[in-house]
Amino acid sequence: MKQALWISSALLFALMGLYIFCPEPELKEFQNYSRAYFDRNSTLLRITLARDQRYRLHIPLEEISPLLREATVLYEDQRFFQHHGVDLPALFRAGWQTYISGQQRIGASTITMQVARLRWGLNSRTIPGKLRQILRALQLTRHYSKSEILEAYLNLASYGRNIEGVEAASLIYFNKQARDLSLPEALTLSVIPQNPNRRNPTADTGISELLVARNNLFTRWLEKHPEDEEKRVFLEIPLVVRPPEKLPFFAPHFVNDLESQLPLLRHGTITTTIDLTKQLAMEKIVASYVDRRKTEGIRNGVALLLNYRTMEIEAAVGSADFYDPEINGQVIGTRARRSPGSALKPFVYALALNQGLIHPLTMLKDAPKRFGGFTPENFDQRFMGPVFARDALISSRNVPAVHLQAQLENPGFYDFLAQAEITLPEDENYYGLALSLGGAEVSMEEMARLYAILPNGGELRQIKKIRTDALPETGRRMLSPEACFLILDILKDNPPPEAAGNENLVGQVERRNEVAWKTGTSFAFRDAWAVGVSGSYVLAVWVGDFAGQGNASFVGRRGAGPLLFELFTALIENSGWRITEAVNPDFLNLTRISVCASTGDLPGRYCPGTRESWFIPGISPIKLSNIHRAVPIDKKSGLRACLADPETTEMKSFEFWPSDLQHIFNMAGISIKTPPPYEEECSLNEKSSSGRTPVIISPQSSLIYALQSDRLKEQTIPFSAVVDGDVNTVYWFVNDGFVGKAERGEPLLWQGVSGAFAVRVVDDHGRAAERKMTVEMVR
């Protein structure tokens, strides 16, 4: 007797110890989940599948309708809040009826026991399986509250087909979240888990049994809530549910992109920044535009709409047709990296404004120029000569942009892009001065984020794809507000493109809202870009072929520009928006000054006319214009006098353009008012006392010239220089030895030898310049 008592006590203590010290099971993260994506206005975009191809969304109990919670307990386990995970009277009754009396088989699983079965995949139809289910239910009761167990059940239960959990079932069947279920909907979902195959609401055979069970549950519901009798009429309405095959599939590229970026532990419902109305409109316009121009070779288009105030992406189209494999339609074009062509040039100019290299009317040279081993050309294969900085940017001239990039420092253009978090896989030397012309690939998201710096007054901010209640983040200062305003003010004057088949749309935005925009065309016509700022938005578009094939239609202005304006017209409210609403110049360190209209410098005495230019006091460069100069002209001979003499000479104004620009004027047939020759008796000292000294273009000190030793007679090194407008002839010297002369604008070809040399040029007025050079012989 004592032995039996000791054994019983030991067994009891063992069971108590097992109960007390049993491990806490994981009820949430033991499996993977789906995600439900919504637009910013709570419209469902898509529900993704979990890795096991099931729709499964986890949701906290407090976000589930109280109607559904109560109805589930009423139907599945009325004594749920009284028992300790196992309802012993119901269990004994079910065991007697099922295994002893041989009557109809009935179940006695509590909600806790069902959670155990679902959590560990138990077969509760056998006695060993039922025992394991009971033990697991006790384990759950040991560690979790009733609310936590009910939450687990409502997230694990099957609701037909491959749908698990009330949130997925509610969204799929009724297109609403579980917190918003009506009483008929809550009753419908409550009865499905007991037999999800036979009560499948998407099958004709399942509807009838489902309705019977639901009506029976409603009868029991009325016993507790007689006031709901008036809702019986709603249960008489035919049950209409949405099958999983009819789920929405909106913004496919955007959702796929988020799916690839979000961590596995981030699941449940996700409210994105997408505005579905704008998204659908953008998809339709892009598809229509590509279809309209497919005969020109335009096969694909990508677009992204970014609200620069909130930094939220409100619409994103990754390709013209997600379902078309011939154009690789499922590629996420907004993330693909492609050459931007000239679309990055505004930031070269912004840095140049920041660093005091230019103001908007600074005169730049669009003339042939060699930068080390790099000789940039313009898209049209022509040169404009002297061009204002603002006009050079609007017309996208390459040489001025490269010239400015070469002068940038602290930061240089490469460092600026790196600080702006543009992905640059190679070092700075790899890209060189081609960086401003599209030498590095960027994604559309990077491009839109970069352009958002301008209306945000120089701050770089993070792009948002998921809506949160967090306050806007403070950005990192990249440019001054003054430089940002000046770039936007320039780009707003970029004229709209041709309509490209939709004349009613293009240009309307320009009339109602200002648009500051820029285009880009990549090398070999592989990519056509257009990026613009208007209203509260940055809009970026790309057209081309994902296969990377070049096409003459892939030109920024002609190919992408019309699409940009069509989208702005359709998506941006007509509010008469102006650039000054984004960056107000009244609060900036900006002023307007008068400059010489033809040179952009401070007007000298002989400047023929003036115009106003924006100016950043203390930063913008300023100098007196020296293109228009007055020189003494002999009254009798009409020649240029050596010295001014009121008795014999008169002062006349002439244009002294550098020789490289004069050459371009001559090619264009533009007549320049140049001074006459000096009188013969004028000495070199008198001639060289005024005017510009020559600037040697070639040779360059940064290069080592390599000559093949077996072909010396066939190889030459060109010597060339830019000289003042009154020069006709230049003379070249190597180590003080005269090697030849050349007419203005013409090179001298020197037959080099190995060694280090001092190259000197002297113009016919005695003004001189010198440069070092190195020549090596190679075999």
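Need the failing condition index for Gly745 against (1) in contact with a His (Cβ under 9 Å, 6 or more places away or on another chain); (2) under 18 Å from Lys687 (Cβ atoms), just the number.
Checking Gly745 against (1) in contact with a His (Cβ under 9 Å, 6 or more places away or on another chain); (2) under 18 Å from Lys687 (Cβ atoms), the one that fails is (2).
Can you find even one residue in segment 370-391 that is of a type in the set (A, V, I, L, M), under 23 Å from Leu539 (Cβ atoms), surrounded by 23 or more Cβ atoms within 10 Å (Cβ to Cβ) and modelled with pLDDT of 90 or more?
no
Do we find a residue being among the hydrophobic types (A, V, I, L, M, F, W, C), open to solvent by 40 Å² or more (accessible area, probe 1.4 Å), assigned to a loop (DSSP other than H, G, I, E, B) and modelled with pLDDT under 95 anywhere in segment 494-515?
Yes: segment 494-515 contains one or more residues that are among the hydrophobic types (A, V, I, L, M, F, W, C), open to solvent by 40 Å² or more (accessible area, probe 1.4 Å), assigned to a loop (DSSP other than H, G, I, E, B) and modelled with pLDDT under 95.
Scan segment 658-689 for residues that are among the small types (Gly, Ala, Ser) and in a helix (DSSP H, G or I) and report the count.
Total meeting the criteria: 2.
Which condition does Ala50 not pass, out of (1) outside any strand (DSSP E or B); (2) open to solvent by less than 40 Å² (accessible area, probe 1.4 Å); (3) modelled with pLDDT of 95 or more, if it passes all the others?
That leaves (3) as the condition not met.
For Ser613, are the conditions met, namely being exposed (fewer than 15 other Cβ atoms within 10 Å of the Cβ) and in a strand (DSSP E or B)?
no
Please give the number of the condition Gly356 fails out of (1) at negative phi; (2) open to solvent by 10 Å² or more (accessible area, probe 1.4 Å).
Result: Gly356 fails condition (1) only.
Sort through Leu571, Leu567 and tell me the only one that's on the phi < 0 side of the Ramachandran plot, among the hydrophobic types (A, V, I, L, M, F, W, C) and crowded, with 24+ Cβ neighbours inside 10 Å.
Answer to the selection: Leu567.
Just give me the residues in segment 300-318 being outside any strand (DSSP E or B) and open to solvent by 10 Å² or more (accessible area, probe 1.4 Å), in sequence order. Spell out how you get there, then give the answer.
So in segment 300-318, the residues outside any strand (DSSP E or B) come out as 308-311, 318.
Residues satisfying the conditions are Arg309, Thr310.
I'd like the full set of residues that are assigned to a loop (DSSP other than H, G, I, E, B) and either touching a residue at least 60 places away in the same chain (Cβ under 8 Å) or open to solvent by 90 Å² or more (accessible area, probe 1.4 Å) (or both), limited to segment 469-482.
Correct list: Asp469, Leu471, Pro472, Glu473, Thr474, Met478, Leu479, Ser480.
Would you please list the contacts, defined by Cβ atoms under 6 Å and residues six or more apart or on different chains, that run from a residue in segment 542-563 that is open to solvent by less than 20 Å² (accessible area, probe 1.4 Å) to a residue that is part of a helix (DSSP H, G or I) and modelled with pLDDT under 95?
Here the result reads Phe554/Phe525, each pair linking segment 542-563 to a residue that is part of a helix (DSSP H, G or I) and modelled with pLDDT under 95.
Count, please, the residues in segment 627-683 that happen to be within 30 Å of Pro400 (Cβ to Cβ) and either at pLDDT 85 or above or open to solvent by less than 50 Å² (accessible area, probe 1.4 Å) (or both). Spell out how you get there, then give the answer.
Within segment 627-683, the subset within 30 Å of Pro400 (Cβ to Cβ) is 627-631, 653-675.
Filter once more, keeping what is either at pLDDT 85 or above or open to solvent by less than 50 Å² (accessible area, probe 1.4 Å) (or both): 627-631, 653-662, 664-665, 672, 675.
So the answer is 19.
Identify, please: which residue in segment 1-29 is open to solvent by 70 Å² or more (accessible area, probe 1.4 Å) and in a loop (DSSP other than H, G, I, E, B) and is, among those, modelled with the lowest pLDDT?
Met1
Among the candidates Glu612, Glu681, Glu686, which residue alone is farther than 20 Å from Lys369 by Cβ, of a type in the set (Asp, Glu) and within 47 Å of the chain's Cα centre (by Cα)?
Just one listed residue meets the conditions, Glu612.
Just the residues that are open to solvent by 40 Å² or more (accessible area, probe 1.4 Å), aliphatic (A, V, I, L, M) and at pLDDT 95 or above, please, taken from segment 405-433.
Ala418
Being touching a helix residue (DSSP H, G or I) at 6+ places or on another chain (Cβ under 9 Å), closer than 22 Å to Glu743 by Cβ and not hydrophobic (A, V, I, L, M, F, W, C) is true for just one of Ser688, Ser671, Ser659. Which residue is that? Write out each step before concluding.
Details: Ser688 fails: touching a helix residue (DSSP H, G or I) at 6+ places or on another chain (Cβ under 9 Å); Ser659 fails: touching a helix residue (DSSP H, G or I) at 6+ places or on another chain (Cβ under 9 Å).
Ser671 is the lone residue from the list that is touching a helix residue (DSSP H, G or I) at 6+ places or on another chain (Cβ under 9 Å), closer than 22 Å to Glu743 by Cβ and not hydrophobic (A, V, I, L, M, F, W, C).
Let me spell it out: the conditions are (1) of a type in the set (A, V, I, L, M); (2) closer than 30 Å to Arg51 by Cα; (3) surrounded by fewer than 16 Cβ atoms within 10 Å (Cβ to Cβ), and Val241 meets all of them except one. Which number is the exception?
Tallying (1) of a type in the set (A, V, I, L, M); (2) closer than 30 Å to Arg51 by Cα; (3) surrounded by fewer than 16 Cβ atoms within 10 Å (Cβ to Cβ), Val241 fails exactly one: (3).
Which one is farthest from the chain's Cα centre (by Cα), of the residues in segment 232-257 that are over 23 Å from Gly206 (Cβ atoms) and part of a helix (DSSP H, G or I)?
Val233
Can you tell me which residue among Ser436, Ser396 is of a type in the set (S, T, N, Q) and either open to solvent by 10 Å² or more (accessible area, probe 1.4 Å) or over 19 Å from the mean Cα position of the chain (by Cα) (or both)?
When all the criteria are applied, what remains is Ser396.
Which condition does Ser620 not pass, out of (1) small (Gly, Ala, Ser); (2) outside any loop (DSSP other than H, G, I, E, B); (3) modelled with pLDDT of 90 or more, if it passes all the others?
(2)
How about segment 30-42: which of its residues are open to solvent by less than 60 Å² (accessible area, probe 1.4 Å), modelled with pLDDT of 95 or more and in a loop (DSSP other than H, G, I, E, B)?
Result: Asp39, Arg40.
For the list (1) open to solvent by less than 20 Å² (accessible area, probe 1.4 Å); (2) over 22 Å from Arg611 (Cα atoms); (3) out of contact with any Asp or Glu (no Cβ under 7 Å at 6 or more places or on another chain), I need the number of the one condition that Ala367 fails.
(3)
Within segment 701-727, restricting attention to residues that are assigned to a loop (DSSP other than H, G, I, E, B) and either among the basic types (Lys, Arg) or touching a residue at least 40 places away in the same chain (Cβ under 8 Å) (or both), which residue is most open to solvent (accessible area, probe 1.4 Å)?
So, considering only residues that are assigned to a loop (DSSP other than H, G, I, E, B) and either among the basic types (Lys, Arg) or touching a residue at least 40 places away in the same chain (Cβ under 8 Å) (or both), the one most open to solvent (accessible area, probe 1.4 Å) is Ser702.
Within the set of pairs 6 or more residues apart or between chains, which connect a residue that is at negative phi inside segment 515-534 to a residue that is assigned to a strand (DSSP E or B) and surrounded by fewer than 24 Cβ atoms within 10 Å (Cβ to Cβ) with Cβ atoms less than 7 Å apart?
Ser522/Arg338; Asp527/Arg338; Gly532/Ala516; Val533/Ala516
Looking only at segment 728-752, which residues are within 53 Å of the chain's Cα centre (by Cα) and either open to solvent by 50 Å² or more (accessible area, probe 1.4 Å) or among the small types (Gly, Ala, Ser) (or both)?
Residues satisfying the conditions are Asn728, Ala742, Glu743, Arg744, Gly745, Glu746, Pro747, Leu749, Gln751, Gly752.
Please work out which residue is nearest to the chain's Cα centre (by Cα), limiting yourself to segment 585-598 and to residues that are closer than 17 Å to Asn354 by Cα and not in a helix (DSSP H, G or I).
Leu588
Would you check if Val775 is open to solvent by less than 20 Å² (accessible area, probe 1.4 Å), among the hydrophobic types (A, V, I, L, M, F, W, C) and either closer than 19 Å to Ser689 by Cβ or out of contact with any Lys or Arg (no Cβ under 9 Å at 6 or more places or on another chain) (or both)?
Criteria met by Val775.
The values are calculated or read from the model by the stated rules, or taken from the named source; none is laboratory data. Bear in mind the structure is a predicted one, so any value in this text is a computation, not a measurement. Here Cβ is always computed from backbone atoms with ideal geometry, including for glycine, and neighbour counts include all displayed protein chains. What goes into the accessible areas is simple: the full protein's heavy atoms, side chains included, and nothing from ligands, DNA or RNA. Shrake-Rupley method; radii C 1.70, N 1.55, O 1.52, S 1.80 Å.
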